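Trainee: What follows is a single structure, and I will ask about it in a moment.
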Amino acid sequence: MKNLLDSTITDFDFLKTLIPQKPPFVMIGEMKHYSEEKVVSGFVVSKENLLVDNNHLAAPGLIENMAQTVALHTGYKYHLLQRPAPTGYIGAISKVTIHELPEVGEQLVTTVNILHDIMGITLVQATVASQHTIWASSEMKTALAK
């Protein structure tokens with residue numbers, strides 16, 4: 001799982017081209033690691049985020065952050081192939097565990113491990129953490145549109 005990035009990608013305009021979501025619903029801020037089997041994103045929870053409630057990112061925001069990190073992996077893979085990324089859809093979310101809700105200002109690091117990727121169907125395991133806390137985890141199955 002060697003990181004194929006020379007350095008963390010922080011160019012927000014470029015990152016937005018890799019995922020289908022658009023502001024104000026973008027919940028990734030950087031790409032820290034990319035390999036065929038893994039992607040790691042970073043994201044700072046802001047008070048302007050649509051899924052912040054009572055100064056905390058709500059559970060759907062954590063799930064959306066995981067899903068956008070999966071999309072980031074697909075988008076960057078197609079970028080490397082110099083092809084437009086197809087639209088993807090969440091087919092299933094399972095084994096969701098929300099341990100705590102992060103506060104505004106928290107730096108989230110989301111790690112997605114690709115378990116299986118066959119014919120446009122991808123099964124992943126995702127974890128959202130920060131320096132001392134695991135916030136959430138899940139498994140997701142995504143499918144690419146034909």
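Trainee: Taking only Cα atoms, what is the 0 to 90° angle, nearest 10, from helix 59-80's long axis to the longest principal axis of the chain?
Mentor: Taking Cα atoms only, the helix is inclined about 30 degrees.
Trainee: Quick check on the chain: helices-only [θ] at 222 nm, where DSSP H runs of length 4 and up contribute -39,500 (n - 2.57) each and the sum goes over total residues. Nearest 500, please.
Mentor: Computed mean residue ellipticity for the chain: -6500 deg cm²/dmol.
Trainee: For segment 12-146, just the Cα set please: Rg and Dmax, both in angstrom.
Mentor: Radius of gyration, then largest Cα-Cα span, for segment 12-146: 13.9, 42 Å.
Trainee: Still on this structure, please answer the following. Of the peptides 99-112, 15-28, how do they stack up when ordered by the mean number of other Cβ atoms within 10 Å, highest first?
Mentor: 99-112, 15-28
Trainee: Taking Cα centroids, how far is segment 60-132 from segment 1-30 in Å?
Mentor: 12
Trainee: Another question about this same structure. Give 22/95; 2/47; 16/95; 32/77; 16/38 a once-over and call out the pairs whose C-alpha atoms are over 24 Å from each other.
Mentor: Exceeds cut-off: 22/95; 2/47; 16/95.
The numbers here are math on the coordinates, done by the rules we state, and not lab data. Fair warning: this is a prediction, and the values are worked out from it, not measured in the lab. Backbone-built Cβ (ideal geometry, glycine too); neighbour counts: all protein chains shown.
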